[in-house]
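Visitor: Starting off with a structure, shown below.
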Amino acid sequence: MTAPSAVKAALSSQSIETPSWAYGNSGTRFKVFAQEGVPRDPWEKIDDAAQVQRHTGVAPVVALHIPWDKVDDYAALARHAEERGLRLGAINANVFQEDEYRLGSVCHPDAAVRRKALDHLFECVDIMDATGSRDLKLWFADGTNYPGQDDIRARQDRLAEALAAVYERLGEEQRLLLEYKFFEPAFYTTDVPDWGTAYAHCLKLGDRAEVVVDTGHHAPGTNIEFIVALLLREGKLGGFDFNSRFYADDDLMVGAADPFQLFRIMCEVVGGGGLGPGVAFMLDQCHNIEPKIPAIIRSVMNVQEATAKALLVDREALGAAQSAGDVLGANAVLMDAFNTDVRPLLAELRAESGLAPDPVAAYHRSGWAEQITENRKGGQQAGWGA
Ligand code: LRH
Ligand code: MN
Ligand code: MN
């Protein structure tokens, strides 16, 4: 059994990255519900992220989405974060929201559109230089809706060309993280639909290109923990976009729909040595109907709880049962950890770090929600769904 002190040490070193867009108004394609007190600009999104960090102590990084978080001075934004005990994390490129991208971005049949998309990706690298961000996260809405619409292989060639150009532009300490998604917005082919496609491109690019697993981007029934195990084994797991789903890319709070799946994923992360800085634990969620900051705090806690349970797995007993071919015994070891109530352990850990044992309650007591409702009028939309 792992000693509680070792479990606590591993938990306190975990760093969860929250997405700037989760703090803004969002919705579905049917309606964006505006909430009171939401940030009016990227500066205020960072102020809210600082509240999540203040109460959880394990969310010191904020990811940006460009141009949703466009500002004149990115170094100043990084300083704003730093003054609040945060740093800026992944720069998420956005080449899916302009009219020119109707048929794709870097895979578009027209070279002029591809050029425009590539210029945006280069701009994102410039922003990383200013913010000190390590990761460039690329997700492409590229694909086709109808058989014959475009040439599948030619689109892969265009993709490879763009990725190579961006990779070339990265500094020694920077990484390219390629995110896959099996459908949506394209419904026939998607140019980076799965981990295999992302992996093949990253492998060609080099060591600093790695795959991002967004937990909402798979066909129902996909064994995500297998993908995690495999990518970790190959040294190609760059990070997660955590969220949960019942149907498609629902972007609900991580650990809400299927805490057992999150536990299984974290078991592979822990077992595969992925609990270090090499794997970015990012959230990618939208809080359409629930209050945003407490939802993000809850999400961070859900990741922590799943991590704690994964750390509690008695690896020695598991290994022994596995080698003995003891099917039920091995399963029982895993289930014992999953069924452990880790909330007291986490409350203790927080108390030891000078935090309140219940971060959601502490947030509600803090008066921040009342303050922003009073001070901020006309909050910013997260970026889509208008
Ligand atoms: C695409 C995606 C990707 C985007 C984000 C807003 O579905 O997961 O990560 O950048 O949503
Ligand atoms: Mn994502
Ligand atoms: Mn998504």
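Visitor: How many residues does region 118-154 contain that are more than 21 Å from G206 (Cβ to Cβ) and either in contact (Cβ under 8 Å) with a residue 60 or more places away in the chain or surrounded by fewer than 23 Cβ atoms within 10 Å (Cβ to Cβ) (or both)?
Guide: 19
Visitor: What are the residues in region 211-228 that are surrounded by 19 or more Cβ atoms within 10 Å (Cβ to Cβ), free of Cβ contacts under 8 Å to residues at least 40 places away in the same chain and away from ligand 1 (no atom under 15 Å from the Cβ), if any?
Guide: Across region 211-228, the qualifying residue is only I227.
Visitor: Also, I was wondering about something else. Say we look at region 112-158 and pick out the residues that are assigned to a loop (DSSP other than H, G, I, E, B) and within 16 Å of ligand 2 (Cβ to nearest atom); which of these is nearest to the chain's Cα centre (by Cα)?
Guide: Restricting to residues being assigned to a loop (DSSP other than H, G, I, E, B) and within 16 Å of ligand 2 (Cβ to nearest atom), the top hit is W139.
Visitor: For region 231-245, name all the residues that are outside any strand (DSSP E or B) and among the hydrophobic types (A, V, I, L, M, F, W, C).
Guide: Result: L231, L232.
Visitor: The conditions are (1) part of a strand (DSSP E or B); (2) farther than 16 Å from E179 by Cβ, and L262 fails exactly one of them. Which is it?
Guide: With (1) part of a strand (DSSP E or B); (2) farther than 16 Å from E179 by Cβ applied to L262, the lone miss is (1).
Visitor: Name the single residue that is surrounded by the fewest Cβ atoms within 10 Å (Cβ to Cβ) among those in region 258-284 being of a type in the set (A, V, I, L, M) and within 16 Å of ligand 2 (Cβ to nearest atom).
Guide: Among those that are of a type in the set (A, V, I, L, M) and within 16 Å of ligand 2 (Cβ to nearest atom), it is V279.
Visitor: While we're looking at this one, here's another question. Filter region 239-251 for residues that are more than 13 Å from ligand 1 (Cβ to nearest atom) and not hydroxyl-bearing (S, T, Y) and give the result.
Guide: If the condition is that a residue be more than 13 Å from ligand 1 (Cβ to nearest atom) and not hydroxyl-bearing (S, T, Y), then F246 is the only one that fits.
Visitor: Going residue by residue through region 22-31, is there one that turns out to be in a helix (DSSP H, G or I), in contact (Cβ under 8 Å) with a residue 24 or more places away in the chain, hydroxyl-bearing (S, T, Y) and closer than 13 Å to G379 by Cβ?
Guide: yes
Visitor: Can you list the helices (runs of 4 or more DSSP H) lying wholly within region 287-357 that have 3 or more residues being loosely packed, with under 15 Cβ neighbours inside 10 Å?
Guide: 315-323, 327-338, 343-352
Visitor: Which numbered condition in (1) more than 15 Å from ligand 1 (Cβ to nearest atom); (2) within 20 Å of C286 (Cβ to Cβ) is the only one that F260 fails?
Guide: Unmet condition: (2).
Visitor: Could you please tell me which pairs satisfy a Cβ distance under 8 Å, a separation of 6+ or placement on different chains, a first residue in region 239-260 that is without any contact (Cβ under 8 Å) to a residue 12 or more places away in the chain, and a second residue that is within 14 Å of ligand 2 (Cβ to nearest atom) and not in a loop (DSSP other than H, G, I, E, B)?
Guide: That search, which allows pairs on different chains as well, returns F246/L252.
Visitor: What single numbered condition from (1) of a type in the set (D, E, K, R); (2) over 22 Å from Q381 (Cα atoms); (3) surrounded by 23 or more Cβ atoms within 10 Å (Cβ to Cβ) fails to hold for D69?
Guide: Failed condition: (2).
Visitor: Continuing with this model, one more query. Do we have any residue at all in region 366-379 that's at positive phi and either part of a helix (DSSP H, G or I) or in contact (Cβ under 8 Å) with a residue 24 or more places away in the chain (or both)?
Guide: yes
Visitor: Would you check which residues across region 83-111 are of a type outside the set (A, V, I, L, M, F, W, C), surrounded by 15 or more Cβ atoms within 10 Å (Cβ to Cβ) and not in a helix (DSSP H, G or I) and list them?
Guide: R84, R87, G89, N92, N94, G104, S105, H108
Visitor: Does E173 meet the test of being more than 18 Å from S105 (Cβ to Cβ) and away from ligand 2 (no atom under 16 Å from the Cβ)?
Guide: For E173, the condition - more than 18 Å from S105 (Cβ to Cβ) and away from ligand 2 (no atom under 16 Å from the Cβ) - is met.
Just so you know, all these numbers are worked out from the coordinates, no wet-lab data involved. As the structure is a prediction and not an experimental result, all values here were calculated from the model. Reconstructed Cβ throughout: ideal geometry from the backbone, glycine too, with neighbour counts over all protein chains shown.
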